[in-house]
Each structure stands twice: as C-alpha cells, then as structure tokens.
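Structure first, commentary second.
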Amino acid sequence: MREVEFYHAEKGKLACDLCPQHCKLRDGQSGVCRVRQRVGKKLVAANYAEVASMALDPIEKKPLYHFHPGSVILSVGANGCNLRCLFCQNAEISQGQVPTRHLPVGELVKMAGTQGSIGVAFTYSEPLMWYEYILDTAPELRRNGHAVVLVTNGYIEEEPLLRLLPHVDAMNVDLKSPKDEFYVKMCKARLEPVQRSIRLAWKAGVHVEIAHLVVTGWNDNEASVQATAQWIASVNPDLPLHLSRYFPHYRSEAPSTSESFLRRAWDIASRELNYVYLGNIAVPGSSDTICPECGTILVERASYRTRIVGLEGDLCSRCGRKIPIKRPSNSQ
C-alpha cells in the first residue's frame, strides 16, 4: 500500500480529493472505487503496484488510431473503477476483484520496451484509480524513452489531472454521452468533469482520442450522436472519435447496438468531425484513416492489421495536408 496524494480530514472522516465522487471514509472503509481505503489516520491505495491484467496489444486496440499506428504497446490494468456503469464491458476487474501480481515500478519500466513495445498503456479498468502507481511510473518510463498512454473515463479532479498530464503522451477518453442524465442514471457520475478532462488534456498537448460506446436504448439515436460530435468539434474537429458497438454485459440486458444504426452514426458524426471510426464491428472502410481534404486512404486497418499507404511523415502523400497523427521521427 502507498499513502494517496489527494485527501484531507473532514469532521472525523478522511475525504478523498482525487475524483468528483469525493468519498468520505471512516476507518476501514473504501471509496466507490473499492481500492482507495482508509487505514487509521491515512488514506491508502490498496491496489498500488498490483497488476490484475497484462498483455502486449496493438495500439489500435486502445483504441488509438492516430498515435504510432501499427505499433504494439505493453498494456496493464488494476482492479477498481470510480464509475458504476450498468453496461460495463470490463466488469470483471472494474467492478469485481481478480487475483493480482505485484509489479514494482522498476520492473514495469524494464518490461516496457520488450517485444517491440513502444511503452506502457494503463488500461482495462480505470487507470486514474491507480493514480499513485502511474504518477511514480510515468516519469521513469518517459525518462527511458517509453510512451505513456492512459485509456480512461476521464473522471478526475482538475488538480491531480494537471499534475499527471506532463508525464502522459496519449489518452483515449471515454465520453459516454452528451447528457448529464445519462451519467447520473447509468454511471453514478456527472458529465462535466469528463468534458473538462478532455479539454485540459488537449490544451496540455497530450494526444487525445475519444471513445463513445453506443448503448441500445440510451444513446443510440441521431440527436445524441450529433450532440456528441458537435461537442468534440467545439474542442477540435481533428480529435478522432471511435463509435463502439455495445454488447449486453454486467447489469445491462439490452440487445447489441444495431449495425444499421452504427452506420448512420458514423455518417452523422463525420459531418462534424474529420476522423470517425467504428469499433467492435466489421464494416469495410470504417477503420481506415482518410484524408479529409482529398479523400486519399492514408492508413488501412482490418482486424488490428495496419498498413500505412498514403502518408509521408504526417502529411497526406497526395495533397500535402497535415494529418494529426503521431509517428516515430524516422517514419516515412
């Protein structure tokens, strides 16, 4: 265990200041996330350096399509999450508890560049509930030339996020809905902190992409998709959006998102944004990166197989438009 970074005493309780849940704990209690616990007079991270899941993944699986496309990254995750999404697609570790492996900071840093990995992605459950471990590890990873990636719900307070962002290269943030009502009813959370996190990360120069799970009966309508895309465009229309197909899981039994609606959603979002992709479904062309200026295919993708076909560095090889895509400096 490690004492956490953001908390204060309040009327005999310890109040956690990491995320907007603001859990106030008596001795022995855990927060909504289940991993930040009060032990005596301290608030500690019970999941510090405890890895619940680890794999070498294609970067596209995060999903990140504009960050070192075609590369692989060591992906690690811990138990715990500060949301309670009824449709959670990773409930085994985010809402449950699976056996873990203790992995000290130094050991993870040594593993980061093996097997062709470009770095470490903190993913699978909610990495921001692994805050102290990431805060200790990320600077060491970057010092050794490794990329740091967060795949996150973005539900964190401003001060801890700003402290972490200088050590992060890329983020995929899950924007679940353009409506606060969705967050309150389906996730036991609020919308505004997530939107704030996206803005802050983008302004800090972190590479940002957005994931949006289209849940049957809740946000599978044209108005919701349009509002989501318009809000993202208000930050930057070049931010990639990944519209993902939902499948029944955890406490949600609604049927899977219809393929026909996902195709319509792709078209609707593409009117507002320059780069829109479909995930968890095989629709030809929906994973390719296309130049918004001339329509040239820049990157072809199929089942996590990636082929760069129309890029010269970060420029479209046909029209010369600059594409918001990060590649190694020696890439052609």
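Please treat every number below as a calculation from the coordinates, not as lab data. Quantities reported herein were computed from a predicted structural model and do not represent experimental measurements. Glycine gets a Cβ as well: all are built from the backbone with ideal geometry, and neighbour counts include every protein chain shown.
A few notes on this one:
- Local charge for Arg2 was computed over the other residues whose Cβ lies under 12 Å away, with Lys and Arg +1 and Asp and Glu -1, and equals -3.
- Both radii were evaluated on the Cα set of the chain; the Rg over Rh quotient, with Rh as the Kirkwood radius, amounts to 0.96.
- Overall size of the stretch 28-73 from C-alpha positions, given as principal axis extents largest first: 48, 17, 13 Å.
- Computed label-point distance, nm, for sites Val39 and Cys294 using a 7 Å Cα→Cβ extension: 6.0 nm
- Near Asp136: Cβ cut-off under 14 Å, other residues only, Lys/Arg at +1 and Asp/Glu at -1. The net charge is -2.
- Cα-based shape type of the stretch 249-332, given that a ≥ b ≥ c are square roots of the gyration tensor eigenvalues and the cut on a/c is 1.5: prolate
- For the stretch 27-118, the share of alpha carbon pairs falling in successive 5 Å distance bins from zero is 3, 12, 18, 18, 19, 16, 9, 4, 2, 0 percent.
- Computing Rg and the Kirkwood Rh from the Cα coordinates of the stretch 1-63 gives a ratio, Rg/Rh, of 1.13.
- Dimensions of the stretch 288-332 based on its C-alpha atoms, expressed as ranges along the principal axes with the largest first, amount to 28, 25, 14 Å.
- Most positive-pole-ward Cα, Ala302, Asn82, Ile198, against dipole of the chain from beta carbon charges: Asn82
- Cβ-derived FRET efficiency at R0 45 Å, Glu140 paired with Arg84, nearest 0.05: 0.85
- Dimensionless Rg over Rh [the stretch 124-171; C-alpha; Kirkwood]: 0.93
- At an R0 of 45 angstrom, the distance between the Cβ atoms of Arg26 and Arg264 translates into a FRET efficiency of 0.35.
- Reported to the nearest whole Å, the Cα centre-to-centre distance from the stretch 286-317 to the stretch 209-227 is 25.
- Modelled FRET efficiency - R0 45 Å, Lys110 with Lys179, Cβ distances, 0.05 increments: 0.50
- A dipole drawn for the stretch 2-45 from +1 and -1 charges on Cβ atoms has a positive end, and of Gln37, Phe6, Cys16 the residue lying farthest that way is Gln37.
- Among Val276, Val151, Val32: highest mean-square fluctuation, GNM of the chain, C-alpha pairs under 10 Å: Val32
- Average projection, convex hull of the Cα set of the stretch 157-246: 5.7 square nanometres.
- Helices in the chain that qualify as membrane-span-like (whole DSSP H runs, Cα extent of at least 30 Å along the helix axis, mean Kyte-Doolittle hydropathy of 0.0 or higher) do not occur.
- Set against the 2.2 N^0.38 Å expectation for a compact globular protein, the stretch 109-217 has a Cα radius of gyration ratio of 1.11.
- For Gln97 and Lys188, the difference between the fully extended length at 0.36 nm per residue and the C-alpha to C-alpha distance is 30.8 nm.
- Members of Lys62/Lys176; Lys62/Lys326; Lys42/Lys188; Lys24/Lys176 lying beyond 22 Å, as alpha-carbon distances in this model show: Lys42/Lys188; Lys24/Lys176
- Extending 7 Å from the Cα toward the beta-carbon at both Ser317 and Ala282 defines two label points whose distance is 2.7 nm.
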